[in-house]
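Q: Starting off with a structure, shown below.
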Amino acid sequence: MRCFLTALLFFISVLTLAQVNRNDTIRTENHPRDTLSARTPKSELEVVSTIENLNAPYTKPAFSPTKAGLYSAVLPGLGQFYNKKYWKIPIAWGAIGAGVGITIYNDKRYRRYRNAFVSEINGVPHEFSTYNIPNLKEALGRQQDLWKRNRDYAIAATGLIYILNIVDAVVDAHLYEGRNDPDLVIRPTMIQDDFTDRPSTMGVVLNYKF
């Protein structure tokens with residue numbers, strides 16, 4: 001039986017190899033082309049300028065993305081201060097402060113209803129015992145779940161704002177050199193519509209040179 005299986009596998013392998021057609025292979029020869037390249041060659045001055053720029057000594061970046069990220073991680077807004085983006089500091093403080101305040105408020109409400117719910121289960125009087133509320137235990141349970149969910153959402157939103165504060169400082173420091181790069185230019189311009197009679201409008205143009 002083993003000899004039969006071996007012979008069968010050998011026969012199948014031979015049939016498979018026999019199906020290979022030379023015309024199915026991919027040609028890799030490089031044939032000459034009659035067309036000319038549409039790319040304009042660089043002038044000698046441009047070549048010399050490119051070589052000088054590549055061989056120029058290393059210049060230290062004005063801002064370090066690592067430092068900016070660490071500063072914002074230690075104290076929100078400190079990375080923006082390091083990047084000299086002072087107008088972003090109150091935004092970072094206000095957003096994180098609002099998130100922390102909402103979290104504290106929801107946590108207090110949650111603990112209030114949580115304590116009343118536990119007291120209701122144990123038969124201990126609490127601040128809501130004097131209220132004529134039907135199904136008081138279920139109502140307190142729903143309220144504690146509501147405020148707990150709101151608190152968790154507030155914590156998640158505050159954490160996201162904190163992370164965005166770090167990301168903003170890192171990206172801002174990293175893109176500082178790009179804003180001073182002549183190959184990457186963003187400037188206002190007049191947009192003219194050549195196909196209609198509409199008047200020119202103000203716009204922004206982005207030029208990126210590879």
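The values are calculated or read from the model by the stated rules, or taken from the named source; none is laboratory data. If you're wondering where the values come from, they're calculated on a predicted model, not measured in any experiment. Counting neighbours? That spans all protein chains shown, and the Cβs are built from the backbone with ideal geometry, glycine included.
Q: Return a yes/no flag: does the range 96-114 have any residue that is touching a Phe, Trp or Tyr at 6+ places or on another chain (Cβ under 8 Å) and of a type in the set (Val, Ile, Thr).
A: Yes - at least one qualifying residue is present in the range 96-114.
Q: Starting from residues that are within 30 Å of GLY99 (Cα to Cα) and of a type in the set (D, E, K, R), keep the ones in the range 120-161 and report whichever is nearest to the chain's Cα centre (by Cα).
A: Per the stated criteria, the residue is ASP152.
Q: Then there's this: Restricting to helices (runs of 4 or more DSSP H) lying wholly in the range 24-124: which have 3 or more residues that are surrounded by 12 or more Cβ atoms within 10 Å (Cβ to Cβ) and modelled with pLDDT of 90 or more?
A: 65-74, 78-82, 89-122
Q: Could you list, in sequence order, all residues of the range 128-157 that are touching a helix residue (DSSP H, G or I) at 6+ places or on another chain (Cβ under 6 Å), outside any helix (DSSP H, G or I) and not aliphatic (A, V, I, L, M)?
A: The one that is touching a helix residue (DSSP H, G or I) at 6+ places or on another chain (Cβ under 6 Å), outside any helix (DSSP H, G or I) and not aliphatic (A, V, I, L, M): PHE128.
Q: Consider ILE166 carefully, then state whether it is assigned to a helix (DSSP H, G or I), loosely packed, with under 12 Cβ neighbours inside 10 Å, of a type in the set (Val, Ile, Thr) and modelled with pLDDT of 85 or more.
A: So ILE166 fails the test.
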